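The values are calculated or read from the model by the stated rules, or taken from the named source; none is laboratory data. Predicted, not measured: the structure shown is a model, and the values here were computed from it. A quick note on method: Cβ atoms are made from the backbone with ideal geometry, for glycine too, and the neighbour counts reach across all protein chains shown.
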Amino acid sequence: MDFMEDIKLSKKIITADDYVYDVQGLDLWYGNDQALKDISMKINKNEVTAIIGPSGCGKSTFIKTLNRMIENIPIVRTSGEILYHGKNIFDKSVRVEELRTTVGMVFQKPNPFPKSIYENVVYGPKIHGIKDKNLLLEICETSLKSAALWDEVKDRLHDNAYGLSGGQQQRLCIARCLAVQPDVILMDEPTSALDPIATAKIEELINHLKTEYTIAIVTHSMQQAGRISDKTAFFLMGELIEYDSTEVIFSNPRDKRTEDYITGRFG
Amino acid sequence: MINYELKLNPTEAEKEYKIDINKRRIDRRILLNNILKKVFFLSMVFALAVLGLLLYRIGIQSIGWLDVQFLTGKLSIFPEKAGIWGAIIGSIGLICVVIPVTLVIGVSTAIYLEEYATQGKIASFIKVNLSNLASVPSVIFGLLGLSLFGRLFHLGSSILAGGLTLSLLVLPIVVVSSQEAIKSVPNFLREASYGMGADKWTTIRKVVLPVALPGILTGAILSISRAIGETAPLVVLGIPTLIMKIPKSFMDDFTALPIQIYYWTLDTVLTPEYANLAAATIIVLLVTLFLMNSVAIFIRNKYQRGF
């Protein structure tokens with residue numbers, strides 16, 4: 001667990017600094033195809049960082065690299081460094097299981113387990129060794145409250161999660177992710193499978209969550225990026241074209257390609 | 001030949017000709033459909049009739065023989081006194097060996113191949129060979145069991161030797177069906193678990209196996225019901241022709257239901273009543289298989305998932 005200790009220590013040291021991730025010269029290949037080219041960017045603490053770009057620009061690949069989920073694909077190779085609280089996540093001493101307990105992830109399609117709502121939320125705490133029933137119940141309640149789902153499900157915690165609507169399922173997945181008490185939440189197009197009302201609820205939730213968590217979100221909707229994010233990164237063909245505060249990106253982009261994409265000239 | 005060329009302004013005669021052609025083509029297709037419907041129906045009737053004939057024959061033959069004395073009595077060379085209690089116990093003993101062995105080894109193998117092994121040429125080579133093994137004749141597995149368990153491990157023709165041999169026989173089927181069940185677990189469930197910092201085994205135990213379990217059990221029950229109907233491997237192992245003792249342990253010699261059917265039908269020339277005994281045993285075996293398959297179907301239906 002010395003990796004966790006490192007993080008705790010560095011958290012204290014780095015509180016002066018306000019970034020969580022420091023990506024330095026990240027390259028990534030699927031076999032022989034290069035999907036990410038020399039990406040360097042910092043992700044700030046307690047902010048929402050949006051990653052936008054046309055399909056196939058590498059934005060999902062990038063966010064899945066931040067918790068090393070991308071390594072589930074066997075042909076992936078990477079080079080460069082991703083410093084998470086000052087520690088390179090590709091370092092041999094870093095175990096992905098530990099990294100992912102502090103970097104949670106919410107996926108494109110709601111993916112609850114075919115278990116009860118309660119079992120879904122406490123899955124993470126349980127596998128990390130918490131057995132006390134009362135503590136688990138407490139975690140379940142706090143997580144569901146943080147995910148703005150408690151009032152809707154408090155009377156049916158032991159019903160199957162598949163009985164919930166798509167938007168509720170996605171908020172359940174967020175609650176499940178919060179229950180592990182992560183430090184960063186990665187979201188890979190979390191609203192792309194949802195209707196506008198459910199999307200609005202999730203966006204509101206994201207706004208709430210950023211006071212306590214650092215959030216990186218991939219989105220194909222520029223309006224969404226504009227509504228919820230503090231900083232926006234624009235990816236194109238595996239390159240980071242522009243990365244600035246959301247205001248600048250959407251009102252006064254420096255790069256011609258960013259402007260073309262934002263004004264809808266391609267994509 | 002029909003002219004499909006599109007004409008901008010067809011004459012009335014041409015229009016009529018086209019309608020006529022279409023009508024004849026549709027008539028022909030409807031006729032073909034009706035003929036095929038009858039052919040398919042007759043195929044079904046034929047299959048059912050054969051089965052019905054078999055059931056009728058053994059049903060008639062077993063009348064008066066299939067009674068409590070027959071079910072609970074010991075074997076005997078006198079047809080009136082013969083019972084199949086020993087064979088029933090033998091078959092149950094075989095199942096008790098086959099179920100744990102095939103489930104543990106079969107499911108473990110499937111987990112390794114689907115979840116741990118690097119998907120590449122070697123893995124697909126193993127998978128092709130497993131499917132081939134599943135279709136190797138059972139008598140060959142009998143020979144393997146004889147040399148391996150019977151001779152090398154000195155298990156002789158005991159229940160353990162028989163059960164292990166039958167396990168080898170159905171193991172490839174259990175592996176392949178378990179692999180299919182594991183493969184059908186959607187990947188987004190694994191991702192959800194990995195995303196929370198779960199390691200591979202925790203993910204398999206808590207997410208993959210519970211979802212795959214109905215499929216695994218269905219496959220296992222179906223292959224085990226195949227195992228208890230097998231005769232050839234046991235004959236090769238050298239199961240004694242007539243055994244009066246009821247087996248008490250897994251190391252005892254035994255006889256099983258299909259073996260009994262086989263031996264009784266060999267001797268029908270000298271003792272015609274043996275045919276009736278064989279028929280009655282067939283009924284018992286069929287009922288057992290029917291029950292096991294029902295359990296498999298029940299499990300499959302009960303745990304059907306809707307992703």
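What the table below lists for this structure:
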{"item": "Filtered residues of segment B:255-270 (kept if of a type in the set (A, V, I, L, M, F, W, C), under 23 Å from the mean Cα position of the chain (by Cα) and assigned to a loop (DSSP other than H, G, I, E, B))", "result": "B:Ala256"}
{"item": "Any hit, segment B:209-223, residues being more than 14 Å from every other protein chain (Cβ to nearest Cβ), among the polar types (S, T, N, Q), farther than 30 Å from A:Thr102 by Cβ and in contact (Cβ under 8 Å) with a residue 24 or more places away in the chain", "result": "yes"}
{"item": "Top-ranked residue of segment B:286-296 - restricted to ones that are modelled with pLDDT of 85 or more and surrounded by 12 or more Cβ atoms within 10 Å (Cβ to Cβ), ranked as nearest to the other protein chains (Cβ to nearest Cβ)", "result": "B:Val295"}
{"item": "Hits in segment A:222-239 - residues which are more than 15 Å from A:Ile43 (Cβ to Cβ), of a type in the set (S, T, N, Q) and in contact with a strand residue (DSSP E or B) (Cβ under 9 Å, 6 or more places away or on another chain)", "result": "A:Gln224"}
{"item": "All strands (runs of 3 or more DSSP E) inside segment A:25-111 with 3 or more residues being free of Cβ contacts under 8 Å to residues at least 60 places away in the same chain", "result": "A:76-84"}
{"item": "Odd one out for A:Thr246 among (1) within 17 Å of the chain's Cα centre (by Cα); (2) surrounded by 16 or more Cβ atoms within 10 Å (Cβ to Cβ); (3) polar (S, T, N, Q)", "result": "(1)"}
{"item": "Qualifying residue in segment B:38-59 (condition: at pLDDT below 90, of a type in the set (A, V, I, L, M, F, W, C) and either at positive phi or assigned by TED's automatic domain parsing to the domain that holds B:Thr271 (or both))", "result": "no"}
{"item": "Conditions (1) within 14 Å of chain B (Cβ to nearest Cβ); (2) touching a residue at least 40 places away in the same chain (Cβ under 8 Å); number of the one not met by A:Leu157", "result": "(1)"}
{"item": "Options B:Leu66, B:Leu36: the member that is surrounded by 10 or more Cβ atoms within 10 Å (Cβ to Cβ), in a helix (DSSP H, G or I), out of contact with any Phe, Trp or Tyr (no Cβ under 6 Å at 6 or more places or on another chain) and of a type in the set (A, V, I, L, M)", "result": "B:Leu36"}
{"item": "Among residues of segment A:151-173, those that are in a loop (DSSP other than H, G, I, E, B) and closer than 13 Å to A:Ala193 by Cβ, counted", "result": "1"}
{"item": "Positions within segment B:115-139 being charged (D, E, K, R) and either in contact with a strand residue (DSSP E or B) (Cβ under 6 Å, 6 or more places away or on another chain) or within 14 Å of chain A (Cβ to nearest Cβ) (or both), in sequence order", "result": "B:Glu115, B:Lys121"}
{"item": "Matching residues, segment A:50-83, being under 17 Å from A:Leu236 (Cβ atoms), more than 14 Å from chain B (Cβ to nearest Cβ) and buried (at least 17 other Cβ atoms within 10 Å of the Cβ)", "result": "A:Ala50, A:Ile51, A:Ile52, A:Gly53, A:Cys57, A:Gly58, A:Lys59, A:Thr61, A:Phe62"}
{"item": "Residue check for B:Thr218: within 20 Å of B:Leu289 (Cβ to Cβ), of a type in the set (S, T, N, Q) and modelled with pLDDT under 85", "result": "no"}
{"item": "Matching residues, segment A:175-210, being among the polar types (S, T, N, Q), surrounded by fewer than 21 Cβ atoms within 10 Å (Cβ to Cβ) and farther than 16 Å from A:Ser143 by Cβ", "result": "A:Ser192, A:Thr199, A:Asn207"}
{"item": "Qualifying residue in segment A:26-41 (condition: at pLDDT below 90, within 20 Å of A:Ala233 (Cβ to Cβ), surrounded by fewer than 20 Cβ atoms within 10 Å (Cβ to Cβ) and not aliphatic (A, V, I, L, M))", "result": "no"}
{"item": "Total residues in segment A:91-146, condition touching a Phe, Trp or Tyr at 6+ places or on another chain (Cβ under 6 Å), within 16 Å of B:Asp199 (Cβ to Cβ) and within 9 Å of another protein chain (Cβ to nearest Cβ)", "result": "1"}
